Amino acid sequence: MFNTIDEVYDYLYNQRKKEKRENLNRIKTCFNLLNLKANYKIIHIAGTNGKGSTALAIKNILANKYHVGFFISPFILKFNERIQINDRMISDSEIMHYANILYNLNENYKKEYDDVIPFFELTLLMALMYFNDRNIDYLVLECGLGGRLDATNFLDSDIEIITNIGYDHMAQLGNTLEEISYHKLGITRENHYCLTTIDEKLYDYFNNYAKENNIKLKILNDDIKDIRIDNYTHFKYKNIEYKTNLLGLYQAKNMSLAIECVKLLDNSINDDIINFSISNLFWPGRFEIIQNKPLIILDGAHNISAINELIKSINLIKDNRKIKIIFTALMDKDYKSIIKSLDTISNYYYFTTIDDLRKTDSKIFKELTNIKSESIDNYKECIDKAINELQSDEILLITGSLHFISEARKYIKK
């Protein structure tokens, strides 16, 4: 029996699967053992980047009219972000209630099947119990990793979204964009709509897959136009003007996916409601402006696709200002390619590290660039130094890892 929320987290984070997931039998079995039902419509979202922003926008729009469950991964500020209904996060006491049920389930499962229910699946089951008890109308469901063998994929969704395809988690998903696409396309269902904003070079692969599997594929790119950024990201989708307070060129694509999805689900939701909903979003650590004068931006870009999109957005707003970058990345990321791309905008680097089993020595980053740089292992000291040295004609960009962005944001906000 758990008595504190810290005991819950200690337990959850220490539940690790014994072997690589080869099927979805475990999560299906656990769902049935808990006597759960999914009596609601499900929007399932996969993709290399942009899943969270897209999910958030769909949730906010539908919440004007419906009871909407929301499951995302990972979190930035606290665990409770993973499980929400409309604008309310699951509470600590609710987490403890469901965690005690899941503890008993896990212990019985170990005895019966000689296997462990891992962290992500326990968290997903917690969310599904929570939603089951509260009679939601919709569930906006974000994949954890990949799609085809992601634990979320055992549920029968109603609309599927694939935001984009880029190089990330190659050890699990493959080394080519086509291999990665195969895993992401695993969430699609016959005769269902699949909405996407993939790059043009994957159009043929997606179109062929859709034809072979009888999927209603909608690629939205050609209908997204006139993107610009000031205090909002402005864009047109199907010649209608929209704006979102989430900054970044890529947000026009994410919002368009959300708009198209909602209109397919309920075309009575008008554009005024949509515009209001997406212009009032809160999504920490994604092109988030922490300070205006001088400008400090936090962005959890942690793969080459996200970094390249981040660079496009920075170039759009930087004017004549110099760019200083605080950077770290985990050892399983392609930080060589990332730093090479960041070199195109960086005038100075502060390399650092974080307390993580997969951390990378900050001195390694220093060897990968000819841009002036320094290495400061303590990220708090690194942030202090960078902010103290920041001039009015400079922008400080903090990026490279979602885990780092979470810690950096907490520290700066203090």
Cα atoms only: what Rg and Dmax, in Å, come out for the chain?
21.3, 64
Determine, for Phe404, Phe235, Phe154, the number of other Cβ atoms within 10 Å of each Cβ, and report the residues in order from fewest to most.
Phe154, Phe235, Phe404
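Give the order of Thr29, Thr163 when sorted by the count of other beta carbons within 10 angstrom, beginning with the fewest. List each step's numbers first, then the result.
On the way: Thr29 16, Thr163 25.
Least to most surrounded, the residues fall as Thr29, Thr163.
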The Rg/Rh figure for the stretch 288-413, Cα atoms and Kirkwood Rh, to two decimals is 0.91
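For the chain, what's the relative contact order in percent, using C-alpha pairs closer than 8 Å and at least 6 residues apart? Please list the in-between numbers first.
On the way: 770 pairs, mean separation 61.2, N = 414.
Relative contact order here is 15 percent.
For the chain, what is the mean residue ellipticity at 222 nm derived from helices alone (per DSSP H run of n ≥ 4: -39500 (n - 2.57); sum divided by total residues; nearest 500 deg cm²/dmol)? Present the calculation step by step, with values, prior to reporting the outcome.
Numbers: 15 runs with 165 residues, N = 414.
Estimated from H runs of four or more residues: -12000 deg cm²/dmol.
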Enumerate the calculated ³J(HN,Hα) couplings along the stretch 179-187 in order (Karplus 6.51 cos²θ - 1.76 cosθ + 1.60, θ = phi - 60°), each rounded to whole Hz, writing x wherever the residue is Gly or Pro.
5, 5, 4, 4, 5, 5, 5, x, 7
Along its three principal axes, how long is the stretch 1-107 when you only count alpha carbons? Whole Å, largest extent first please.
40, 34, 28
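How many percent of DSSP beta bridges within the chain run antiparallel, rounded to 5?
Values: 18 of 58 bridges.
Rounded to the nearest five, the antiparallel share is 30 percent.
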Farthest toward the dipole's positive end in the stretch 288-413, which of Ile326, Asn315, Thr344, given Cβ charges of +1 (Lys, Arg) and -1 (Asp, Glu) about the Cα centre?
Asn315
Rank-order 33-43, 243-253 by packing density, defined as the average count of other C-beta atoms within 10 Å over each peptide's residues, highest first.
243-253, 33-43
Ratio of Rg to Rh over the stretch 235-362 (Cα coordinates, Kirkwood Rh, two decimals):
1.04
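Throughout, read-outs are computed from the coordinates displayed, never taken from laboratory work. Computed from a predicted model, the values in this text were never measured in an experiment. Ideal geometry is used to build each Cβ from the backbone, glycine not excepted, and the neighbour counts take in all protein chains shown.
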